[in-house]
1. Sort 40, 111 so the one with the fewest other Cβ atoms within 10 Å of its own Cβ comes first.
2. Dipole of region 44-125, Cα-centred, from +1 at each Lys and Arg C-beta and -1 at each Asp and Glu C-beta, to the nearest 20 debye?
3. Could you list which residues have their amide H under 5 Å from that of residue 35, counting only those 5 or more apart in sequence or on another chain, with H placed in the peptide plane?
4. How would you rank 9, 76, going from fewest to most other Cβ atoms within 10 Å of each one's own Cβ?
5. How are the Cα pair distances of region 20-73 distributed, in percent, across 5 Å bins from 0?
6. Using θ = phi - 60° and the Karplus relation 6.51 cos²θ - 1.76 cosθ + 1.60, list the HN-Hα couplings for region 48-59 in order, rounded to whole Hz, with x at every Gly or Pro.
7. Most exposed first by the Cβ proxy, i.e. fewest other Cβ within 10 Å, how do 35, 80 rank?
8. Using 0.36 nm per residue of separation minus the Cα-Cα distance, give me the extension gain between residue 7 and residue 70 in nm, one decimal.
Amino acid sequence: MPAALAFFYNKLCFESDPSDVFNDLQDGVEDFVVIDARSRESFALEHVPGALNLPHKEMNLETTALLPREKIMVVYCDGIGCNASTKGAAKLVSLGFKAKEMMGGLDWWKRDGYPVESGPESTNPIACGCE
């Protein structure tokens, strides 16, 4: 395999974009969990529907204990100029999870015209134990 092709395939193992996440959510794909790595205040203002709020600074064995280890954690933050998703994905991987970063974060999610939820609670039935 040419080096450039290997690079791009490898990159796709660690990144996703809002359209892929949105389409997978719409299609009922269940092999991933969307994680908002921003603060609780930012999450309450608006977030990806069904996302769990787990601020990257609070990620540890205790706060992630109820997350399903067999699923991929797709982590996002505000977008360009914010690296909470990178920090969160790195932390989750260090804790033994599989993780991807949603490129562009909430900013690109909204630019693509996808809906957001507001409020401190998520519509996701998985409890992350971070409260």
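Each reported figure results from applying straightforward, stated rules to the coordinates on display, with no laboratory input. Because the structure is a prediction, the values reported are computed rather than measured. Cβ atoms come from the backbone with ideal geometry, glycine included; neighbour counts cover every protein chain shown.
1. Details: 40 15, 111 11.
If I rank by nearby Cβ atoms, fewest first, I get 111, 40.
2. Numbers: 9 positive and 10 negative charges, 67 e Å.
The dipole of region 44-125 has a size of about 320 debye.
3. For residue 35, whose amide H was placed from the backbone, the distant partners under 5 Å are 52, 74, 75, 76.
4. On the way: 9 10, 76 31.
With the fewest neighbours first, 9, 76 line up as 9, 76.
5. Pairs per bin, as whole percents: 4, 18, 27, 23, 18, 9, 1.
6. 5, x, x, 5, 9, 9, 9, x, 4, 5, 9, 6
7. Fewest to most other Cβ atoms nearby, the residues stand as 80, 35.
8. Values: separation 63, 0.36 × 63 = 22.68 nm, distance 2.51 nm.
Here the answer is 20.2 nm.
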